[in-house]
Amino acid sequence: MSFFDDASLVMIPSGYKDQKVYSVKPIDGTGDLVFSRGSDIEATRVASNGYIEKAKVNLLLQSNTFNTTWTTTDSSVTSGQAGYDGSSDAWKLQSTVLGRSTIEQSISLGADIVNTFSVYAKAGNVDFLKFIIVTTGSNSIVTFDLSDGSSTSTSNEIDVKSESVGNDWYRLSLIAAPVSTITSYKFEIRDSEGSADSDVGSYIYIQDAQLNYGLVAQDYVETTTTSVVSGITNDMPRLDFSGGASCPSLLLEPSRTNVIEHSEYLGEHGISNVSVSYNNATSPEGVQNATLVTGDAVIATKVVNFNSASNGAYTISVFAKYNSHQWIQLGMGGVATYANFDIQNGVVGGTNGTSDIEDYGNGWYRCSVQTITGTPISHFIGMVDSSSAARLAVSSSTDSFWAYGMQSEIGSYPTSLIPTYGTSATRTADYASKTGISSLIGQTEGTIFLDIKPFNTGPNVSLRLSDGTNNNRITFEWSGAKVPYLVVSSGGALQVYQSVTCALNTQHKIAIGYKANDFVIYIDGVLAGSDTSGSVPSSLSQFRFGETAGFDFNGEVNQALLFKTRLSNADLATLTA
C-alpha cells in the first residue's frame, strides 16, 4: 500500500472512453493517457466475457424509420405499433393494392462482400415475409413463415436464420452469397408461401432493420441519416481480457494487414476435397458463425486461402476446435513451411517453421505458423492423420473440425484478429501517451514501474519519459536483435546505455530507478543492471508507450507507476518480486 501512496502516477487499465485511459492516481485527470489508433473497424479485443469483440455496424439508413429513406411500392407503413422490446417502435407494413407489396432501400455494396440482412418481424393477418437482396447478378431470396419462424424458397444464400424473441416476434436474417454487386434490400408481404402477390389490407409488423458485415446478425445498432459503427473503433482503447484474465491489460499493437479476403467465409478460397457447413457452432466471438469442415478421404484435404501479393515473411493463423478430427495442418506454398496441430489436446506436432498454439477457451485454439524465409505464394489449412504427417500429406479422414478467423499478415508472430469480409483489411497502430505532466515525473530522481508482456519480435517495443525529443529522455526498449536496454540522454549527450536480459512474450515486472550517478534496473525481483555515472535529463514532461511509426510499443500493459523519488534497491526488489 505504501508503494501506491508514494506513487505520483498509477496506471491500471480499467476505466476508459474514446481516446482516453483513466489513471487511478491522480484522479483529477492530469495523468490520464491519451490513446489513438485511427478510423477503422478492423481492431478487435477479448472482452470481459472471454469472447472476441468486433466493431458493430449498421449500413442501412433510418433503420427503424420506414417512412423516410425507404421506398414503398403498393404498400404503406404505420408507426407506433407494439414492438418486440416492449416499446411502441414497431411498424405495420400493409398492402394497399393487389400486387407485390414491398418496402425497399437502395444501397450499393460491392461484389464479394459477405453481409447479413436482418429485421424483427411478427405476423399480422398474414404470415409470410419475403427477403430479397437485389444484385446485378442472381438475387438472394428467402421466404419466412411468421407463424413458426420457418423458412422456404431460398436461393443464392449462404445461410438463413430465425430466432424467436418472444411474444410471437422473430429476428430474421438472410446471409447473401457474395457473387455480385448489391443494389438494394427489400421486404415483400406474402399471403401464402407460394403466392406471388398480396391482397389489399394484408399486413405484418416489422422493427429494427440492420445490414452488417459477416455471417451473422450483430446486436442491433440504430441509425438515422448515416450508417453507424460502434464498439472498438476509431480511438477507443482496447482493454483486453485474453487468457481468462480477471483484470484487463491495455493491448498495444503495430499496424498489420490481414491479406486473406474472407476471415470467416471459406467459399471464396478454393475449397478442395472438403465440405463446409457455415454458422454451424459458436465461435470465439460468442456467436454462431464457426464453420464445420469435413474431409472426404480422397486426397489431401485442404483449403487454399490466398495468393500473396507482396513480399515479406508471413504468419498464418486460424482458430480451430476439435469435433471428431484431431490433427490439422497449416502451411504455405512457395516456401514449403508447415506445422501440424493437435486441436483435441492443444499441442504443436511436427513442423519446420516457428509455430504456436494458444488456448482460447471452450475447446478453441488459435494455431499459427511463420514462414522460414521468402514470400509464400499460397496459404492453406488442411486435415492430416498424425503429428508426424509431412507437408500436404494425404488424409484418409471423413471426420470434421470447426474453423474460424483465418488470418495472414506480414510479421513473425500473430496479432489480434483482423476480420475481413471480401477484401484485405488493415488495423492501424495503437499509441498511448500523456504530455504536460512534469509535476508527476521526478525531474532529478524517480522510479518507473511496469507490469508488462512485451510481444515476441516484430517492431520495436518501447516505453519512454522525455521532453518530446531524443535529446532528453529515459527509454527502455527492445529493438534490433530484441535485446532490451535502457538509454538515458541529457542535453543530446548519451548518459547511460545499459543492456539487460529480459525474455520477450513473457509477463515481467520491471522497475527503473534513476538519480544522478545512480541508475538501476530490477526485473522480476532481481537486479538486472546498474550504472554509477550519468546525469538525469531535464524537463521531462511526457510519458509514452511507443514513439513514432516504426517504434511502436507492442505488448500488453497490466500496470504502470511513476514515482518522483528513486526508491531504494530493497523496495525495487519487493515491488518487482
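No value in this document is a laboratory result; all are computed from the given coordinates. The model shown is predicted, which means the values in this text are computed figures rather than measured ones. Cβ sites come from the backbone with ideal geometry, for glycine too, and all protein chains shown count toward neighbours.
Quick check: Cα centre of the range 389-461 to Cα centre of the range 1-43, how many Å?
Going from one Cα centre to the other spans 21 Å.
Pulled fully out, how much extra length does the chain show between Thr183 and Asn569, if you take 0.36 nm times their separation in residues and subtract their Cα-Cα distance?
132.1 nm is the gain from fully extending Thr183 to Asn569.
Which of the peptides 317-328, 121-132, 243-254 is most tightly packed, and how do the rest follow, going by the mean number of other Cβ atoms within 10 Å of each residue?
In decreasing order of mean packing, 317-328, 121-132, 243-254 become 317-328, 121-132, 243-254.
Work out the charge dipole of the range 1-156 with +1 on the Cβ of Lys and Arg and -1 on the Cβ of Asp and Glu about the Cα centre, then indicate which of Gly15, Ser88, Ile103 is farthest towards its positive end.
Going by the Cα projections, it comes out as Ile103.
Rounded, prolate or oblate: which one fits the range 459-530, using the alpha carbon gyration tensor with axes a ≥ b ≥ c (rounded when a/c is under 1.5, else prolate when a/b beats b/c, else oblate)?
oblate
Could you please state, rounded to a whole Å, how far the C-alpha centre of the range 322-351 is from the C-alpha centre of the range 107-139?
39 Å
Just going by the charge dipole of the range 234-275, with Lys and Arg at +1 and Asp and Glu at -1 on Cβ, which of Ser246, Thr257, Ser272 is farthest out on the positive end?
Of the candidates, Ser246 comes out farthest on the positive side.
Let me know the shape class of the range 358-460, please: from the alpha-carbon gyration tensor, a ≥ b ≥ c as square roots of the eigenvalues, rounded when a/c is under 1.5, otherwise prolate if a/b is greater than b/c, or oblate.
Prolate.
Can you pull the semi-axes for the chain, root of five times each eigenvalue of the Cα gyration tensor, sorted largest first, whole Å?
Equivalent-ellipsoid dimensions as semi-axes: 51, 31, 18 Å.
Give the order of Thr447, Thr65, Thr371 when sorted by the count of other beta carbons within 10 angstrom, beginning with the fewest.
Lowest to highest Cβ neighbour count: Thr65, Thr371, Thr447.
Quick one: which of Lys25/Lys515; Lys54/Lys122; Lys161/Lys321; Lys20/Lys122; Lys20/Lys56 span more than 32 angstrom between C-alpha atoms?
Exceeds cut-off: Lys20/Lys122.
Counting only other residues whose beta carbon sits under 12 Å from that of Val179, what net charge do I get with K and R as +1, D and E as -1?
So the surrounding residues net to -3.
Only Lys, Arg, Asp and Glu count, each charged at its Cβ (+1, +1, -1, -1), so figure out the dipole size of the chain about its Cα centre, rounded to 20 debye.
Roughly 1280 debye for the chain.
Ranked from highest to lowest mean number of other Cβ atoms within 10 Å per residue, what is the order of the peptides 357-367, 82-92?
The most tightly packed comes first, giving 357-367, 82-92.
What's the local net charge at Ala217, with K and R +1, D and E -1, over the other residues with C-beta under 12 Å away?
-1
For the chain, build the charge dipole from Cβ charges (+1 Lys, Arg; -1 Asp, Glu) around the Cα centre, then report which of Thr154, Ala403, Val119 sits farthest towards its positive end.
Working it through, the farthest residue towards the positive pole turns out to be Ala403.
Quick one: Karplus J couplings for the range 321-331, per residue in order, coefficients 6.51, -1.76, 1.60, θ = phi - 60°, nearest Hz, x for Gly and Pro?
Ordered by residue, 3J(HN,Hα) equals 9, 5, 10, 9, 10, 8, 10, 10, 10, 9, x Hz.
Just to confirm a number: summing +1 for Lys and Arg and -1 for Asp and Glu over residues other than Ser140 whose beta-carbon lies under 12 angstrom from that of Ser140, what do you get?
Net local charge, Ser140 excluded: 0.
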